[in-house]
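Below is one structure, written out as C-alpha cells; the observations come after it.
The values are calculated or read from the model by the stated rules, or taken from the named source; none is laboratory data. From a predicted model like this one, the values you see are computed outputs, not experimental measurements. Here the Cβ positions follow ideal geometry from the backbone for every residue, glycine too, while neighbour counts run over all protein chains shown. Accessible surface is based on the protein model in full, side chains and every heavy atom, while ligands, DNA and RNA are left aside. Shrake-Rupley method; radii C 1.70, N 1.55, O 1.52, S 1.80 Å.
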Amino acid sequence: MTDIQKTMAKKPREIADRVSEFLLAGDLEGVISMFHPECRMFFPPNEPPKVGKQGARDAFAEFIKMRPTLISNVTSEVIVGDTALLQAEWRFEGPDGSVIAEGSSTEVAKQLDNGGWVYYIDCPLGPPKI
C-alpha cells in the first residue's frame, strides 16, 4: 500500500479524520491534500470564498501551528456517484483541551481518480446566506 493510499479518505466521512491526523502532525501539505484543486471554502461565511488549494493553505497556514485536535461527528452522508453531501458537528480543541472553534458544517466532497475523497465545497459554519 502506498503512502497516498494510507492517508487518503476512502469514504467521504473519513476526510475530517485525515484532516485531524494531519493537523496533529503539523502537516500543512497533508491538510491541503484533503481539498480539491478547484474547491471553495466559505470561512468565515461573511467573506468571499477561499479558492483552490491556495485558499485552503491560506485558511490553515497559521491555524496549524496550534496543532489542534479536530473532532467531527458526521450526522449525514449522501453519496451519488463521485459526489457526496455531508453534514457534521465539529470542534477544534487546543492541546490543553480548550475549545478553539466549533460549528455545524455542510460540505460537498468529490472522489478523485485515485479513489480518494476530498472536500469540494466546505462550509464549516453552514452555507453562506444569499
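Side notes on the structure shown:
- Matching option when the condition is open to solvent by 30 Å² or more (accessible area, probe 1.4 Å) and in contact with a Ser or Thr (Cβ under 8 Å, 6 or more places away or on another chain), among THR69, THR75, THR83: THR69
- Residue within segment 92-114 that is loosely packed, with under 12 Cβ neighbours inside 10 Å and assigned to a strand (DSSP E or B) present: yes
- The set of residues in segment 77-87 being in a strand (DSSP E or B) and over 22 Å from ARG57 (Cβ atoms) consists of GLU77, VAL78, ILE79, VAL80, THR83, ALA84, LEU85, GLN87.
- Filtered residue count, segment 9-23, keeping only those that are within 20 Å of ASP113 (Cα to Cα) and open to solvent by less than 30 Å² (accessible area, probe 1.4 Å): 5
- Unmet requirement for GLY26, which otherwise passes all of (1) touching a strand residue (DSSP E or B) at 6+ places or on another chain (Cβ under 9 Å); (2) open to solvent by less than 40 Å² (accessible area, probe 1.4 Å); (3) not aromatic (Phe, Trp, Tyr): (1)
- Identity of the residue in segment 43-59, modelled with pLDDT under 95 and of a type in the set (A, V, I, L, M, F, W, C), that ends up least open to solvent (accessible area, probe 1.4 Å): ALA59
- Of all the residues in segment 110-119, those that are in contact with a Cys (Cβ under 9 Å, 6 or more places away or on another chain) and farther than 15 Å from ARG18 by Cβ number 0.
- Matching option when the condition is β-branched (Val, Ile, Thr) and either in contact with a His (Cβ under 6 Å, 6 or more places away or on another chain) or assigned to a helix (DSSP H, G or I) (or both), among VAL74, VAL118: VAL118
- Qualifying positions in segment 10-43 - closer than 18 Å to GLN54 by Cβ and among the charged types (D, E, K, R): ASP27, GLU29, GLU38, ARG40
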